[in-house]
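Here is the structure we will look at.
The values are calculated or read from the model by the stated rules, or taken from the named source; none is laboratory data. All figures in this text were calculated on a predicted structure; none of them were measured in a lab. Positions of Cβ are backbone-derived with ideal geometry, glycine not excepted, and every protein chain shown enters the neighbour counts. For the accessible areas, the whole protein counts, side chains as well, though only heavy atoms, and no ligand, DNA or RNA atoms are used. Shrake-Rupley method; radii C 1.70, N 1.55, O 1.52, S 1.80 Å.
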Amino acid sequence: MRISRHFRDLFYPLIIAVFIGALAGFGAVLFRWLISFLIENVERTTVFLADQSGDLTARLWLLLLPALAGLLIGPIIAFWAPEVRGTGVPEVMEALSRWGGNIRHRVTLIKSFATATLIASGASVGREGPIVQIGSSIGSTLSHLLRLDRNKRRIAVVCGAAGGIAATFQAPMAGTLFAVEILLFDLETAFLSHIVIASVTGTLVARACWDDPAIFNIPPFTLDHTGELAIYLGLGIAAGLLGVLLMTAVARLPGLFSRFKVPLWLTPAAGGLLVGIIGFFRPEVLGIGYETISDALMGRTGLYLACILVLAKILTTGLCIGSGMSGGVFAPALFIGAMTGTIFGHLAQLIWPETIFSSCHYALIGMGAMISGVTLAPITAIMTIFELTYNYEVILPLMVACIPSLLMVRIVHGYSIYEDALLKRGIDLSRGHEVNRLRSMLVKSFMLRDLDPLWEDNLLSEAEEKMAKSSFPHFIVLNREGRLAGVLTLRDMKALRWDEELEKKRVKDLMKKEVVTVREEDSLETIFHIFAQNEFSFLPVVEIENPDRVIGYLKKSDIISAYDQYILKERSLEPKGWGVPWIRRKSGR
């Protein structure tokens, strides 16, 4: 019995974390293979068209390809799986904060197919955010199969995300910190080991499957002079401002499609057409852009080209994400950061021609600074770049650049790109999980439907008799058509002085006709605000289509009690181990 208890509390959770990390790693490998397969077929088609009809036809094919991919993926996202839209990370954050880590199982396949198709077509999106969502979906699915409770399901989801991102960059520390710094806000220390194990496992799986694990060709980094730190400081400030510009483009460009009344299912195609036009003149901004980043890291990108690519990449990324395409923003941020660093490197050479500055060093630091600003996760950014180089000299410049970038975004904008996406849905994670729990609890789950109303033509003496027999003497009043006319409470009756004339009066003469009502789809956050601002003991619940048709009522005491029980239930699930459900049942515990 003691051995089984130790297994349940210690080894079983770690085995689950290893399994989730391995599956997430395989998911990242298969996703990368799918992207490569589709890109190879697109390149073959392009070469065939160039051979048969000339280079102009091939370039026109590449111009129209993002729009064609958007036309294929748009209806799938709009009508079948709307959670596939966007970068993927906000969806995971929402699932963790509101739905206890529940992610629909089909997200894995649809997200993989949609994002791979769009990237292969040239859409300016990344694969990192979708891999986070794919890994999280794997963790959620496995947690359902094992019947894990809410807290453990959340950790399983985070383990999947950590394993996926670690496998992508071959960076277990970056995967762990990404999960902790961005996805989790109330981390229990006991669960950190599970996230680390999932990240390490995902990395090992990816390294076993990929012959060349290196994503970028990065030359040795050196800090030649401490005076360079001032340039890195300026680079961090510039990266923060460009991060704000990128987030503004992602947030505002959807208004372009709504202004022209483009249907939701057609917006990815419209965005893809605009991206294709930009890519026709500057093909470097199409797709993930890792080849162009590698050129910048090797010092092969000029000042003029870097300036153009920064603005073009911001515009194309804003059009892709803003139009509702599926894809991440991590890779575009790396691209913009690399070009920004290249610009600073060239400017430093122009200002101090006698000093040997390498633009590739600034490109590397610019990547970290941009990630820090866009995600507001500086530790993740620093460790990601460090694990790409394994050079300790890169740490100090990264710190000098990443922190100012974060501060600029906080001061000018206030939120990360992921928080921005959640704020559009009414989810403010900065206000804590309690508010988001209230938003996930709906009136229809707590309302009472056993109506016992008064009628407006009832005598007050009849109302008094009915109230005397009721344990909750507050009544909804209906008119002859059965529609809401008002409310009558015991407090109203006690304020009445009885005499023969008043005994002849009816309910409609005393009831309150101005009634605050709620709908069954309203959240308890809204309800608590109403109760806090008014001295109500109950609220009528009405139909959404017919606001004067009552379908039930909500008691203040009931929702307070329900919320208290909800919180107590969560807090009773102590993170002492994940447990084996079927072992507990068999042992009678």
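Key figures
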{"quantity": "Within region 103-128, considering residues that are in a loop (DSSP other than H, G, I, E, B) and over 13 Å from the mean Cα position of the chain (by Cα), the one surrounded by the fewest Cβ atoms within 10 Å (Cβ to Cβ)", "calculated": "HIS105"}
{"quantity": "Yes/no for GLU462 being part of a loop (DSSP other than H, G, I, E, B), without any contact (Cβ under 8 Å) to a residue 60 or more places away in the chain and open to solvent by 60 Å² or more (accessible area, probe 1.4 Å)", "calculated": "no"}
{"quantity": "Every residue from region 515-535 that is without any contact (Cβ under 8 Å) to a residue 60 or more places away in the chain, surrounded by fewer than 16 Cβ atoms within 10 Å (Cβ to Cβ) and part of a loop (DSSP other than H, G, I, E, B)", "calculated": "VAL516, ASN534, GLU535"}
{"quantity": "Unique residue being open to solvent by 20 Å² or more (accessible area, probe 1.4 Å), over 25 Å from the mean Cα position of the chain (by Cα), of a type in the set (Phe, Trp, Tyr) and over 30 Å from SER143 (Cβ atoms) when the list is PHE280, PHE221", "calculated": "PHE280"}
{"quantity": "Residues of region 58-99 classified as touching a Gly at 6+ places or on another chain (Cβ under 8 Å), open to solvent by 10 Å² or more (accessible area, probe 1.4 Å), of a type outside the set (A, V, I, L, M, F, W, C) and assigned to a helix (DSSP H, G or I), total", "calculated": "0"}
{"quantity": "Residue check for PHE19: touching a Pro at 6+ places or on another chain (Cβ under 8 Å), part of a helix (DSSP H, G or I) and touching a residue at least 24 places away in the same chain (Cβ under 8 Å)", "calculated": "no"}
{"quantity": "Within region 129-166, tally of residues that are in a helix (DSSP H, G or I) and either surrounded by fewer than 22 Cβ atoms within 10 Å (Cβ to Cβ) or not small (Gly, Ala, Ser) (or both)", "calculated": "20"}
{"quantity": "Filter result for the condition that a residue is assigned to a helix (DSSP H, G or I) and either open to solvent by 20 Å² or more (accessible area, probe 1.4 Å) or modelled with pLDDT of 75 or more (or both), over ASP499, ASP548, ASP564", "calculated": "ASP564"}
{"quantity": "Filter result for the condition that a residue is surrounded by 14 or more Cβ atoms within 10 Å (Cβ to Cβ), within 17 Å of LYS505 (Cα to Cα), among the acidic types (Asp, Glu) and modelled with pLDDT of 80 or more, over GLU419, GLU456", "calculated": "GLU456"}
{"quantity": "Residue under evaluation ALA348, criteria (1) small (Gly, Ala, Ser); (2) in a helix (DSSP H, G or I); (3) within 30 Å of the chain's Cα centre (by Cα), criterion not met", "calculated": "(3)"}
{"quantity": "Matching entry among THR226, THR267 (being hydroxyl-bearing (Ser, Thr, Tyr) and part of a loop (DSSP other than H, G, I, E, B))", "calculated": "THR226"}
{"quantity": "Unmet criterion (only one of (1) in contact (Cβ under 8 Å) with a residue 24 or more places away in the chain; (2) surrounded by fewer than 21 Cβ atoms within 10 Å (Cβ to Cβ)) for PHE335", "calculated": "(2)"}
{"quantity": "Residue satisfying all of: in region 400-414; open to solvent by less than 40 Å² (accessible area, probe 1.4 Å) and part of a helix (DSSP H, G or I); farthest from ALA238 (Cα to Cα) among these", "calculated": "VAL400"}
{"quantity": "Qualifying position, being open to solvent by 20 Å² or more (accessible area, probe 1.4 Å), closer than 14 Å to LEU334 by Cβ, assigned to a helix (DSSP H, G or I) and touching a residue at least 24 places away in the same chain (Cβ under 8 Å), among LEU274, LEU242", "calculated": "LEU242"}
